[in-house]
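Some notes on the structure that comes next.
Read-outs throughout are calculated quantities, based only on the coordinates presented, and are distinct from any laboratory measurement. Every value quoted in this text rests on a predicted model; they were computed, and no experiment measured them. Glycine also receives a Cβ, built like all others from the backbone with ideal geometry; neighbour counts cover every protein chain displayed.
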Amino acid sequence: MRYRTIYLPMAEAAAGMTLAAPLNVSRQGLQRFSLPQGHVLTEDNLSQMAANYAEFIFIAEPDGRSDEQVAIDMARVAHRVMEIFAGADFNDPILLALFDQILTYRNA
Amino acid sequence: MRVTPITKTEVISRSSELPSLPLIVAEILATLDDPECNIHDLCSYIVHDPVIAARVLSQANRAAYRSRSTVRDIYTAASLIGFTQIREISLLSSMAMFVNCSFQRTSNNYWKHSVAVGVCAQEVALHISAPIFSEMALVGGLLHDIGQLWLNRFCPEEFAATIEFALAYSVGIEEAEREQFGVDHAQIGAWLAENWQLPASIVAAIRCHHRPELALNELLVPVVSIAEVFTNALDIGAPVENRVTRLSSAACTVLGLKVDDSIQPLLGRMEARSAYANTIFCRDVD
């Protein structure tokens, strides 16, 4: 199955969601709580995260789109990113790198 | 170009027609590294400001939702969500009201962009573990384009034409402004910030956010500059006007920021936090 990664505020998190990246919650310079990538959240996890003031989590959610819809969405994304970078000089390596990272992020 | 270029004297003179910057902004910034400062002083102020108080209680009740209890007083809210969040909510709420009162034709897109750059500046600083107070990054981001509001209020037709030109010819807005007005919004914003007696680092961040090479020794400058580029690249705030024409490699180098796969989580946090902040604080701006 294909998955998409999204960032959610804690209020929208629910048990059963899967972490797309390791979660490390720090407060005042001390690590309070951590969970590994791929962990499936439980109600206990959510309570612990709330108690440690976790604000956002990176979630992997199933991508139910058809291959055709994925292709349409990718084309739309590419068009918009090209529009934003219309005045950019891609001979500049750092601008090209940012362009690539934005496209990767949008298509994740 | 406009017949006479805009001068500092004109900017300061006309800004006297605007309300004063909220006192709480200067007070929070002045006490960031004051060990004597305590949360009770700030709470005592908030109790008398119904808009900020409502925001603080709302945020505290979001944090408390899993305990199924209701937070009803500012001091309990403060202990639940902490000093840093209280300061941030106070800054965002007071700045939203200031912008709304000062520049009545402020578009929602302007404020969304400013909130996004403020939040993204905080995330950039966190990502590279920069020794910058997050409140400074937030205020620097919120005010970085304040010069555009001044132009929109006092030179509306010429400013609108400048934006159209910049979009039509894919040039940076600041280049188009210098062509039209002899000065760009970054310089105008810096003059305003100096007049409001904001910290020198914020003045520099506003002045140099399009040309961070001019002041790389002041860390807040590359932080706000990069935050704005990333905000535009992520298409947050002003969908029609978002453009990326430049990213300072010197700014990235001085911060130790590598533009590679390691910024993917940073982009996610920037987008999520900006969207969240905008759902809460854009209701204060019509």
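Structure notes:
- Counting Cβ atoms of other protein chains within 10 Å of each Cβ in B:260-266 and taking the mean gives 4.
- Chain A - charge dipole about Cα centre, Lys and Arg +1 at Cβ, Asp and Glu -1, debye rounded to 20: 200
- At an R0 of 25 angstrom, the distance between the Cβ atoms of A:His79 and B:Glu179 translates into a FRET efficiency of 0.30.
- Mean shadow area of chain B over all directions, Cα convex hull, nm²: 15.2
- Intensity falloff of the protein assembly as shown expressed as log10 I(q)/I(0), Debye formula with alpha-carbon point scatterers, at q = 0.10, 0.14 Å⁻¹: -0.68, -1.33
- Helical runs (DSSP H, four residues minimum) scored at -39500 (n - 2.57) apiece and divided by the length of chain B put the mean residue ellipticity at 222 nm at -20000 deg cm²/dmol.
- Efficiency of FRET between B:Leu126 and B:Ala275 - r from beta-carbon atoms, R0 25 angstrom, step 0.05: 0.90
- Top positive-direction residue, dipole computed over the protein assembly as shown with Cβ charges, set B:Phe154, B:Phe281, A:Pro62: A:Pro62
- Label-point separation in nm, B:Ala250 to A:Thr104, each point 7 Å along Cα→Cβ: 2.7
- Extending 7 Å from Cα along the Cβ direction at A:Gln48 and again at B:Phe165 yields two label points whose distance is 6.0 nm.
- Counting Cβ atoms of other protein chains within 10 Å of each residue's Cβ and taking the mean over peptide B:75-85 gives 1.
- The chymotrypsin sites (Phe, Trp or Tyr not before Pro) found in segment B:115-207 that occupy coil by DSSP, while having at most 13 further C-beta atoms within 10 Å, are B:Tyr169.
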